[in-house]
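What follows is one structure encoded as structure tokens, with my remarks underneath.
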Amino acid sequence: MAAAEHWERAGAATLFAIGVGAAIGGVRYGLSQDTGAVGPGFMPLLAGMLLAGGSLTVLLRVGRQAPSPGNTPAEAVPADGAERPPVDRRVAIRQIVLALVIMGIGAGLMSLVGFIIAAAGIVFCTLVVVERLALWRAVTATVVITAMLWLVVHFLLIPVPAGPFFLAGGR
Amino acid sequence: MDFSTLLGGFQEALSLHNVLYCGLGVLIGTIVGMLPGLGASSGMALLLPLTLGLSPTTALILLAGIYYGTQYGGTISSVLVAIPGEASTVVSAVDGHQLALKGRAGPALAIAAIASFVAGTISIVLLMVAAPLVSRIALKFGPPETFALLLFGMLSISSFSSGRMAKGIAMGGLGLLLGTVGIDAQSGVARFSFDSTQLLGGIGFIEVLIGLFAVSEIIKSLGQGAPPPIRTRFRDMMITRTDLREMTGPTLRQSGQGFLLGMLPGAGASVASFLAYDVERRIYKGPKKWGTGVVAALAGPEAANNAAANGAFAPTLALGIPGSGATAILLGAFLLFGIQPGPLVMVEQSDLVWALLASFYIGNVLLLILNLPLAPVFGSLLRVRYAYLYPAIVVFGFLGAYAVENRMWGIWVAFVAGIVGYGLDRLGYPLLPIVMGLILGPMMEEAFVQTHAMGGESFAVFLHRPIALVILALCVVAIVMPGLLRMRRRLIARRAAPDDTTDDEPRMSAPVGPHGPA
């Protein structure tokens with residue numbers, strides 16, 4: 001409960017700081033131009049005020065509200081209400097981190113090895129490392145998904161990075 | 001309206017050649033619409049050069065087919081995997097996806113198809129009967145009215161906040177802030193670009209949408225444990241009579257409202273769908289909690305975005321003013337074939353215009369024939385184990401994010417938006433207001449600056465614009481009314497049970513959690 005409140009406070013404080021920064025930035029850009037027209041800073045000021053105001057209200061309310069469900073990943077209530085097997089918090093965090101690392105590395109490699117190859121890598125690594133599927137299942141699923149991706153890229157002429165293997169016929 | 005010209009239009013549109021091209025258009029449109037990042041505009045722009053060998057009527061029928069096909073295609077990805085293919089189907093991802101998660105993906109898609117068909121039919125009749133008449137209203141719609149309407153649209157943030165108003169407002173502000181990043185079109189000043197050339201081009205809402213809906217949803221699912229595959233029988237994927245009853249009112253209401261909003265320059269299908277969601281929430285009296293898979297919350301916005309898509313043709317045809325990005329491309333196609341849209345086009349090119357209008361109806365019938373039987377098949381996709389689905393969602397999402405501007409930057413925006421979105425969701429912040437702010441913010445700013453300039457650097461111009469004043473008054477009513485009604489209810493409750501109620505009780509009535517009021 002205390003940890004949840006701590007995170008809620010930290011989140012609201014971060015948003016409040018961003019809001020204040022945006023509002024200050026807006027004032028610096030200028031609220032009106034020399035001609036008298038609305039300046040480029042007006043909208044950032046308004047947006048910053050809304051963000052700061054909303055998050056300040058949240059900040060002031062933290063701790064005064066009844067406990068809310070889903071404050072830790074393991075306790076989170078699925079929005080769909082579907083019954084799921086209980087998840088160990090450490091396993092969940094490990095899976096999230098692994099999935100994000102695979103996505104990040106895959107996205108980083110897209111310009112180098114080409115979009116299709118990198119996408120196939122993301123699918124395969126996710127299935128093997130995160131989901132721990134049998135190799136033959138992972139290979140089959142990767143081939144099917146990559147083929148579908150290639151068809152879309154090919155028929156809609158999307159100029160994705162082709163990389164050294166020229167699988168996409170893009171750039 | 002001269003019925004002989006209308007019949008002539010149907011005769012032309014019903015030729016085998018044109019029906020085939022119309023079918024091809026709606027099929028391509030449905031597929032393109034399903035892919036986030038590839039909307040009606042990009043689909044039409046891609047195929048425009050390929051239509052040069054066709055007759056003008058056939059080419060325009062094909063392009064129009066793509067246009068309204070994308071409206072439905074966007075719904076399929078919204079409902080099944082909560083990734084809206086189009087800005088106008090963002091709200092369909094809320095209750096539509098909830099229905100899908102409850103094993104009712106087939107009915108959800110069928111509801112969307114039927115609502116779209118009914119709205120399409122009603123709006124086509126309105127378009128045929130009233131195109132020249134309604135276009136006169138569109139002419140009276142300038143920046144002050146657009147600004148007032150967009151402000152009204154922004155007020156629907158409360159609908160997407162599930163009782164977490166302060167968090168909803170903060171997220172609306174965050175969306176508006178993201179919309180200001182890049183070069184300001186009015187003054188040329190670079191805002192919040194931090195000397196990055198990528199940021200100069202701004203942050204696109206499709207990329208953010210993919211991040212917030214696809215990537216963050218996947219992270220969330222990994223944290224909660226993958227949802228089990230949906231085990232429903234094929235016959236459960238069929239629509240029921242109760243569904244039909246629940247969707248009738250919202251569909252009919254939003255067909256009219258969507259059409260009117262669609263023909264207004266600057267409003268378009270996205271604003272129509274946001275407002276439809278808000279209006280239906282206020283009207284809804286059913287037992288289910290709004291946002292948890294309510295049929296009206298899917299049917300209303302779906303009807304509205306389809307009617308708006310057709311409504312956008314009114315100013316395009318009758319005035320030569322495109323009501324949306326896609327109709328602007330269609331306008332370009334008219335010009336490419338040497339046809340000048342405007343008041344005279346209905347007289348000089350009446351055969352072509354009526355054939356095009358008749359093809360809208362045929363296209364709608366084809367979409368229904370195509371999508372109604374396929375709804376259970378599409379819905380069955382969710383029977384696949386999630387472990388196989390989500391890597392595919394990631395790579396198709398990345399493809400969509402890339403395709404918006406054909407640059408890797410889009411993928412990184414989606415990736416970061418996904419992580420940030422997950423964090424915000426865990427803290428109970430609603431994500432839809434971010435998208436609303438990002439979509440409506442730049443349009444609102446433009447209208448605001450133009451309104452100010454129109455009034456000689458004064459906002460007194462609103463006083464001379466009755467339509468804008470009425471909409472602004474509606475905004476005030478929408479803000480003040482819920483508070484007044486709450487006060488009235490409290491007073492009544494206090495009078496009814498003076499001994500049982502303390503001052504603090506009403507405030508404590510609804511503890512709020514990350515997933516809505518507990």
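Scanning the stretch A:1-50 for residues that are more than 26 Å from B:ASP425 (Cβ to Cβ), outside any helix (DSSP H, G or I) and touching a residue at least 12 places away in the same chain (Cβ under 8 Å) yields a count of 2. Among the conditions (1) out of contact with any Asp or Glu (no Cβ under 9 Å at 6 or more places or on another chain); (2) crowded, with 18+ Cβ neighbours inside 10 Å; (3) at pLDDT below 90; (4) within 7 Å of chain A (Cβ to nearest Cβ), B:ASN406 misses just one, which is (2). Among the residues that make up the stretch A:15-26, is at least one of them at pLDDT 90 or above and surrounded by fewer than 16 Cβ atoms within 10 Å (Cβ to Cβ)? For the stretch A:15-26, residues at pLDDT 90 or above and surrounded by fewer than 16 Cβ atoms within 10 Å (Cβ to Cβ): present. The residues on offer are A:VAL128, A:VAL160, A:VAL143, and the sole one that is part of a helix (DSSP H, G or I), closer than 22 Å to B:MET34 by Cβ and either small (Gly, Ala, Ser) or over 18 Å from the mean Cα position of the chain (by Cα) (or both) is A:VAL143.
Okay, residues lined up against (1) of a type in the set (Lys, Arg); (2) modelled with pLDDT of 90 or more:
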{"site": "B:ARG241", "(1), (2)": "yes, no"}
{"site": "B:THR248", "(1), (2)": "no, yes"}
{"site": "B:THR251", "(1), (2)": "no, yes"}
{"site": "B:SER255", "(1), (2)": "no, yes"}
{"site": "B:VAL271", "(1), (2)": "no, no"}
{"site": "B:PHE274", "(1), (2)": "no, no"}
{"site": "B:GLY286", "(1), (2)": "no, no"}
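Tell me whether the stretch B:431-447 contains one or more residues that are outside any helix (DSSP H, G or I), in contact (Cβ under 8 Å) with a residue 12 or more places away in the chain and away from chain A (no Cβ under 11 Å). Yes, there is a match, as at least one residue in the stretch B:431-447 is outside any helix (DSSP H, G or I), in contact (Cβ under 8 Å) with a residue 12 or more places away in the chain and away from chain A (no Cβ under 11 Å).
Considering only residues in the stretch B:414-444 that are under 25 Å from A:GLY41 (Cβ atoms), at pLDDT 90 or above and buried (at least 24 other Cβ atoms within 10 Å of the Cβ), the one that is nearest to the chain's Cα centre (by Cα) turns out to be B:ILE434.
Checked against the criterion of being under 30 Å from B:PRO466 (Cβ atoms), within 13 Å of chain A (Cβ to nearest Cβ) and not in a loop (DSSP other than H, G, I, E, B), the candidates B:GLY179, B:GLY211 yield just one match: B:GLY179. Of the numbered criteria (1) at pLDDT below 90; (2) in a helix (DSSP H, G or I), the one B:GLY172 fails is (1).
Residues are listed down the side, and each one gets a yes or a no for (1) part of a helix (DSSP H, G or I); (2) more than 7 Å from chain B (Cβ to nearest Cβ); (3) touching a Lys or Arg at 6+ places or on another chain (Cβ under 8 Å); (4) modelled with pLDDT of 80 or more:
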residue: A:GLY54; (1), (2), (3), (4): yes, no, yes, yes
residue: A:PRO67; (1), (2), (3), (4): no, yes, no, no
residue: A:PRO73; (1), (2), (3), (4): no, no, yes, no
residue: A:ALA76; (1), (2), (3), (4): no, no, yes, no
residue: A:ILE93; (1), (2), (3), (4): yes, yes, no, yes
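Among the numbered conditions (1) in contact with a helix residue (DSSP H, G or I) (Cβ under 8 Å, 6 or more places away or on another chain); (2) within 11 Å of chain A (Cβ to nearest Cβ); (3) in a loop (DSSP other than H, G, I, E, B), the only one that B:LYS167 does not meet is (3). Taking the stretch B:255-319 and the helices (runs of 4 or more DSSP H) fully enclosed by it, the elements with 1 or more residues that are over 15 Å from the mean Cα position of the chain (by Cα) and surrounded by fewer than 24 Cβ atoms within 10 Å (Cβ to Cβ) are at B:268-283, B:313-319.
Within the stretch B:454-474, the set of residues being part of a helix (DSSP H, G or I), away from chain A (no Cβ under 14 Å) and crowded, with 17+ Cβ neighbours inside 10 Å comprises B:PHE462, B:ALA468, B:ILE471, B:LEU472. Per the listing A:ILE116, A:ILE102, the residue uniquely modelled with pLDDT of 95 or more, over 26 Å from B:ILE434 (Cα atoms) and surrounded by 15 or more Cβ atoms within 10 Å (Cβ to Cβ) is A:ILE102. Scanning the stretch A:1-25 for residues that are more than 8 Å from chain B (Cβ to nearest Cβ), in contact with a helix residue (DSSP H, G or I) (Cβ under 9 Å, 6 or more places away or on another chain) and of a type outside the set (A, V, I, L, M, F, W, C) gives A:ARG9, A:THR14, A:GLY21. Applying the criterion of being closer than 30 Å to B:LEU16 by Cα and among the hydroxyl-bearing types (Ser, Thr, Tyr) to the residues of the stretch B:347-398, the residue that is surrounded by the fewest Cβ atoms within 10 Å (Cβ to Cβ) is B:SER350. The residues listed here are B:GLU405, B:GLU348; of these, the one that is farther than 30 Å from B:GLY179 by Cβ and of a type in the set (Asp, Glu) is B:GLU348. Exactly one residue among B:GLY204, B:GLY163 is surrounded by fewer than 24 Cβ atoms within 10 Å (Cβ to Cβ), at pLDDT below 90, closer than 20 Å to B:PHE274 by Cα and within 20 Å of the chain's Cα centre (by Cα), and that residue is B:GLY204. Determine whether the stretch B:115-124 contains at least one residue that is surrounded by fewer than 24 Cβ atoms within 10 Å (Cβ to Cβ), away from chain A (no Cβ under 14 Å), modelled with pLDDT of 85 or more and under 20 Å from B:LEU275 (Cβ atoms). Yes.
The values are calculated or read from the model by the stated rules, or taken from the named source; none is laboratory data. None of these values were measured; they are calculated from a predicted model. Ideal geometry is used to build each Cβ from the backbone, glycine not excepted, and the neighbour counts take in all protein chains shown.
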